Amino acid sequence: NKPTGALVIPNTITDAEDTEYKVAYIEQDALRAGSDKLTSIDFSDNTFITNISNRAFMGCNNVTNITLSDYITDISGYCFQGCKLTSLDLKNVTYIGMANFGSCNIDSVHIPKTVATIKDQTYLFNHATKITIDENNTKYAVVGNVLYNKELTKIISLPLGLTSGELHIVPTATSALYRAMEGCKATIYFYSQVQPDWGPDYRNSPAGDVI
């Protein structure tokens with residue numbers, strides 16, 4: 001009974017006795033590795049779900065499209081890890097959990113004004129070549145295609161899909177989220193000593209030129 005094709009999350013469901021229930025929550029691990037024939041997930045018909053739980057759709061490896069509703073604010077850790085999204089509209093999301101989009105082919109990422117927390121992970125942008133942000137976002141900033149905290153002291157992520165070109169780190173940046181630069185093939189120019197918040201030093205990672 002694994003779902004196939006396009007999965008639409010309804011607002012309500014009715015059981016065999018015609019009792020109607022609100023669909024208000026996606027359980028942790030709900031469809032983890034649940035279907036290799038599931039191609040898309042659409043929340044737009046649902047007005048009750050605000051949080052997608054940990055690993056809910058992890059490993060649904062043929063999902064290429066996810067449509068969020070305007071009501072979803074929290075995307076918990078790993079819930080879309082393993083999916084093959086090519087784009088994503090975050091709409092009114094405020095919280096992005098750890099390692100959600102590491103396997104996705106998202107080329108261009110736009111951070112809306114609502115996003116207030118991106119957990120300590122950088123896999124959101126593994127294949128991105130462009131990062132933009134709403135000018136009214138109060139927690140994060142993008143300068144020269146690099147995502148920082150608003151104070152420009154911490155590197156959150158680089159567009160790791162870049163295979164050439166240059167990225168210039170602002171002089172005020174002194175720290176970075178773990179693996180924020182790992183695998184970047186662009187030339188990275190630093191004007192200050194940047195150290196990761198935790199984990200191995202970025203200089204031990206397979207990065208491009210670091211100057």
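The values are calculated or read from the model by the stated rules, or taken from the named source; none is laboratory data. None of these values were measured; they are calculated from a predicted model. Reconstructed Cβ throughout: ideal geometry from the backbone, glycine too, with neighbour counts over all protein chains shown. Calculation scope for accessible area: heavy atoms of the full protein, side chains included, ligands and nucleic acids excluded. Shrake-Rupley method; radii C 1.70, N 1.55, O 1.52, S 1.80 Å.
Residue-wise test of (1) within 25 Å of N105 (Cβ to Cβ); (2) charged (D, E, K, R); (3) surrounded by fewer than 16 Cβ atoms within 10 Å (Cβ to Cβ).
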{"position": "A141", "(1), (2), (3)": "no, no, no"}
{"position": "P159", "(1), (2), (3)": "yes, no, no"}
{"position": "R179", "(1), (2), (3)": "yes, yes, no"}
{"position": "Y189", "(1), (2), (3)": "no, no, yes"}
{"position": "D197", "(1), (2), (3)": "no, yes, yes"}
Any hit, region 27-36, residues being in contact with a strand residue (DSSP E or B) (Cβ under 8 Å, 6 or more places away or on another chain), among the hydroxyl-bearing types (S, T, Y) and surrounded by 13 or more Cβ atoms within 10 Å (Cβ to Cβ): no
First in region 21-32 and farther than 22 Å from Q81 by Cα, second anywhere and assigned to a strand (DSSP E or B), Cβ under 8 Å, 6 or more apart: Y21/T12; Y21/I13; Y21/T14; K22/T12; V23/T12; V23/I13
Subset tally (residues that are farther than 26 Å from C104 by Cα, part of a loop (DSSP other than H, G, I, E, B) and open to solvent by 40 Å² or more (accessible area, probe 1.4 Å)) for region 2-26: 7
Given (1) assigned to a loop (DSSP other than H, G, I, E, B); (2) closer than 28 Å to C79 by Cα; (3) open to solvent by 40 Å² or more (accessible area, probe 1.4 Å); (4) not β-branched (V, I, T), number of the condition G183 does not satisfy: (3)
Close pairs (9 angstrom Cβ cut-off, 6 or more residues apart or separate chains): in contact (Cβ under 8 Å) with a residue 40 or more places away in the chain in region 46-58, open to solvent by less than 60 Å² (accessible area, probe 1.4 Å) and outside any loop (DSSP other than H, G, I, E, B) anywhere: I49/I26
Enumeration of residues in region 114-124 that are at pLDDT below 80 and closer than 22 Å to S69 by Cα: L124
Region 68-104, subset outside any loop (DSSP other than H, G, I, E, B) and in contact with a Leu (Cβ under 9 Å, 6 or more places away or on another chain), residue surrounded by the fewest Cβ atoms within 10 Å (Cβ to Cβ): I96
For L147: the one exception among (1) closer than 16 Å to I118 by Cβ; (2) touching a residue at least 24 places away in the same chain (Cβ under 8 Å); (3) in a loop (DSSP other than H, G, I, E, B): (3)
Residues that are surrounded by 15 or more Cβ atoms within 10 Å (Cβ to Cβ) and touching a Phe, Trp or Tyr at 6+ places or on another chain (Cβ under 9 Å), drawn from region 105-118: I106, V109, I111, V115, I118
Yes/no for S175 being under 30 Å from T39 (Cβ atoms), among the small types (G, A, S) and open to solvent by 10 Å² or more (accessible area, probe 1.4 Å): no
Residue match in region 43-50 (condition: open to solvent by 50 Å² or more (accessible area, probe 1.4 Å) and closer than 16 Å to F80 by Cα): yes
Only one of A99, A116 that is under 9 Å from the mean Cα position of the chain (by Cα) and among the small types (G, A, S): A99
